[in-house]
Every structure is written in C-alpha cells, then in structure tokens.
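Asker: Pasting in a structure now, in structure tokens, and then I'll have a few things to ask.
The values are calculated or read from the model by the stated rules, or taken from the named source; none is laboratory data. What you see is a predicted model, and the numbers here were worked out from it, not measured in a lab. All Cβ positions, glycine included, derive from the backbone under ideal geometry; neighbour counts span all protein chains shown. Ligands, DNA and RNA are excluded from the accessible area calculation, which covers all protein heavy atoms including side chains. Shrake-Rupley method; radii C 1.70, N 1.55, O 1.52, S 1.80 Å.
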Amino acid sequence: MTDQPSFADIFAEPQSDHDAAAEQPRLDPGAVFADDDQDTAGVLVDGGGQVPRFDGDTSELSPPVCWALQALVAAPHVSEKSDKTRRHWPIVLQHEAVLRSRLAELGLLLEINREHRHAFTRQAQDPSPHSRVILRSTPLRLAASALALYLYNQYVVALDEPIVERSDMIDHMLGYRPESHTDEVEFGKQMERAIQTLTDASIIKPVRGSEDRFLIYGVITSILTAEQVSALDARYRAIARGEEGAD
C-alpha cells in the first residue's frame, strides 16, 4: 500500500560499517497517556452530512476523517506544527477511536503524543503467517542516527521553538569523527546526507526563508527514550575513539 517507514522502526538498527546494532525503541502506551489532561481539538471537524469524494465511494467515514486516515498511513506523522498535516491533527483527536479501529484492520497501531502534539502509526507485531507488513523499516546509517541524538537533546532543552543551525549540527558531528578519518570532503558529504535523511523522514524541516536553519519536530521524543539516547551516545563516542567493537 505504501513504503513509508515506521517511526517506531526507523531507529531499530542504526548501522555503521561494522553493522553496529541497537535496541529497537518501543513506545510505552502507559507513558504516552499517563496523567493526560482531557484534550479537545478546539474545532468541530465533522458536520454530519456524508459527501462522496469520488464515484463509487462507499466509505462510512466523512471525507475529513478519510483524509486524516490516509495521512496517518502515508505521511511520516501528523503534527500540529507541520504545514502539510496540521489540518489533520484535530481530526485525529476527535475521531481517535474510529481511526484506531481502521488502522488496526491494516495491522497498524496509532501512537498519539498529546504533550508534543503529534501522531503516527507503527507496524503491529501480528504473528499470523497471513499478515502483511504495511510500513517498511528503514534503519538509519551511523551519521544520521548520531545526529538524531543531538537533535533530541536540542529539542528537550529548547525554551521556545526548537531551532537548530546547520553549522551547529556539523560542528557537533565532528566529535564523532574517528581520528583516522581525514577526508574532509567525504565527511562533509556524509553530514549533508544525514541532514537530508532526517529532513526526508520529517524529523526536521527547513525554516521558511532559510536553507541553514531547521525546526525539530516533537516526534523525536517518541522515537528515542532518554535511556536509549544515553546508550546510543555512549556507543557512538566509543566508535569515535576507535573502539568500534565496544559494547
């Protein structure tokens, strides 16, 4: 149906040239919903009448709910801060139950983070031999996953909008470069590929009117837990010291 990678899987197996493996992040629904205040979307998105979207439309859902369902399957995430998907955010909140049900029919689970105001889907672990994988896992290379750790830390300490400069990302990544890696041009290309990878995954997006400033999406907090950040940071620093076989 789509090859859109699952956010819950995208960091499942960060790789280097030595195929370093990492623990697959898992979201704890109890943590996501714990002590959550009653949230309302603030707008009424379903006015009642059913309007066919196309010839042969037999859907029982209103068009806005259908479009939100499509976004949850096809887009990396639905976020209040995303220009492309923010219109779906209130619909996800108001029609959570039916969206969960329809996604479950496809073997997908809906994750909603009300604190950071985003939602995404992840592949359910259905043991049946008849089940099919809808969301494909796309593990990140070493540079992109190490950069994601930096973005996580920048997001959680930001007092206002979590904005990061391209130069700051590159400067930070210099700390992970092994001493034996002296090819400046190749290192620069790796950094640009890492930034583009995270942009394509909708973890960061360029600030309008600037090519060197990026907004960090709150979904980064659902991808990595604090414990995983600590473990992965220690591993990548060991690699930078040349201890590539270190645990």
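Asker: So with the 1.4 Å probe, I'd like the accessible area per residue for the stretch 55-137, rounded to whole Å².
Answerer: It amounts to 51 Å² per residue over the stretch 55-137.
Asker: Now a separate question. Put a dot 7 Å past each Cα toward the Cβ at Gln196 and Ala234; how far apart are the dots in nm?
Answerer: Rounded to a tenth, the inter-label distance reads 3.5 nm.
Asker: Give me the percent relative contact order of the stretch 130-198, please, defined on Cα pairs under 8 angstrom at least 6 residues apart.
Answerer: Normalised by residue count, the contact order of the stretch 130-198 is 50 percent.
Asker: Would you calculate the separation in nanometres between label points at Leu106 and Leu215, each defined as 7 Å from the Cα along the Cα-to-beta-carbon direction?
Answerer: Modelled inter-label distance: 2.5 nm.
Asker: Something else now. Under a 1.4 angstrom probe, counting protein chains only, how are Lys84, Lys189, Lys205 ranked by accessible area, largest first?
Answerer: Lys84, Lys189, Lys205
Asker: Run the quick spin-label model on Val133 and Phe187: label points 7 Å from Cα toward the beta carbon, then report their separation in nm to one decimal.
Answerer: 3.5 nm
Asker: Sticking with this one: For the stretch 43-161, calculate the relative contact order in percent as a whole number, restricting contacts to Cα pairs under 8 Å that are 6 or more residues apart.
Answerer: 17 percent
Asker: Here's something else I'd like to know. For a quick check of your reading of the filter: which GluC sites (Glu not before Pro) in the stretch 96-203 sit in a DSSP loop and have no more than 16 other Cβ atoms within 10 Å?
Answerer: Qualifying residues, ordered by number: Glu115, Glu179.
Asker: Provide the FRET efficiency to the nearest 0.05 for the Glu227-Cys66 pair, computing r from the beta carbons and using R0 = 45 Å.
Answerer: Computed FRET efficiency for Glu227 and Cys66: 0.75.
Asker: Once neighbouring chains are kept in place and the probe is 1.4 Å, which whole percent of the accessible area of the stretch 71-192 is contributed by carbon and sulfur?
Answerer: Summing carbon and sulfur atoms, their accessible area is 51 percent of the total for the stretch 71-192.
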